[in-house]
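Engineer: Please read through the structure below; I'll follow up with questions.
The values are calculated or read from the model by the stated rules, or taken from the named source; none is laboratory data. What you are looking at is a predicted structure, and each value in this text was computed from that prediction instead of being measured. When we count neighbours, we look across all protein chains shown, and the Cβ atoms used for this are built from the backbone with ideal geometry, even at glycine. Surface areas here come from the heavy atoms of the whole protein model, side chains and all, with no ligands, DNA or RNA. Shrake-Rupley method; radii C 1.70, N 1.55, O 1.52, S 1.80 Å.
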Amino acid sequence: MKVKRDREEPTPEAQLRSSIDRLDPRIQKLVRSVRTALRRRFPTANELAYDYGRSLVIGYSPTDNGIDAVVAIAARATGVSLYFNQGPQLPDPTGILLGSGRQTRFIQVEAASRLADPDVEALLAAAIDQATIPLPLEGKGRLVIKPPAAKKRPRRRPTK
């Protein structure tokens, strides 16, 4: 005998909408427009959404693993950034990439139109070419709501 739930679980789209709605109205509008532009640019990629409370991250990946994402939107109270997972290896002749991490670099996105900038387009094309796992050539990606990673306990020093 099946038991019916009183409430159905919200769809991934509804969950993401709820996360976006918690942001400042200016940031909400920007996230939605950047997301639309990236969805058009990466139609076969899966959207992996992580809500960390103070930030919302949406990665565009050929798999369900965030580490495989080609790019990711990060929305915080301070603004919206576009992260490139293979950032240090990307050609950046105009020096628009920010950050000094070993894995990623990013650009600030003040408007979705920034994605149409020739320098950003070149970075997006290079990111696709250098992806560790290529994006599928056909099909449609899906939205996956990912739970935030569990907080790691600090390592203990080995006893002598």
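Engineer: Using beta carbons and a limit of 7 Å, which pairs, at least six apart or on different chains, have the first residue in region 117-139 and in contact (Cβ under 8 Å) with a residue 60 or more places away in the chain and more than 16 Å from Tyr83 (Cα to Cα) and the second one of a type in the set (A, V, I, L, M, F, W, C) and surrounded by 15 or more Cβ atoms within 10 Å (Cβ to Cβ)?
Structural biologist: Close Cβ pairs satisfying both conditions: Leu135/Phe42; Leu135/Ala45; Leu135/Val70; Leu135/Ile128.
Engineer: Identify the single condition in (1) under 17 Å from Glu13 (Cα atoms); (2) over 8 Å from the mean Cα position of the chain (by Cα) that Ser55 does not satisfy, given that it satisfies every other one.
Structural biologist: (1)
Engineer: With the checklist (1) part of a strand (DSSP E or B); (2) more than 26 Å from Asp119 (Cα to Cα); (3) open to solvent by 50 Å² or more (accessible area, probe 1.4 Å) in hand, flag the one item Tyr50 doesn't pass.
Structural biologist: (3)
Engineer: State which residue is surrounded by the most Cβ atoms within 10 Å (Cβ to Cβ) when the search covers only region 92-111 and only residues that are assigned to a loop (DSSP other than H, G, I, E, B) and among the charged types (D, E, K, R).
Structural biologist: Looking at residues that are assigned to a loop (DSSP other than H, G, I, E, B) and among the charged types (D, E, K, R), I get Asp92.
Engineer: Inside region 49-102, can you point out the residues that are closer than 20 Å to Leu30 by Cα, among the hydrophobic types (A, V, I, L, M, F, W, C) and at pLDDT below 95?
Structural biologist: Ala77, the sole residue that qualifies.
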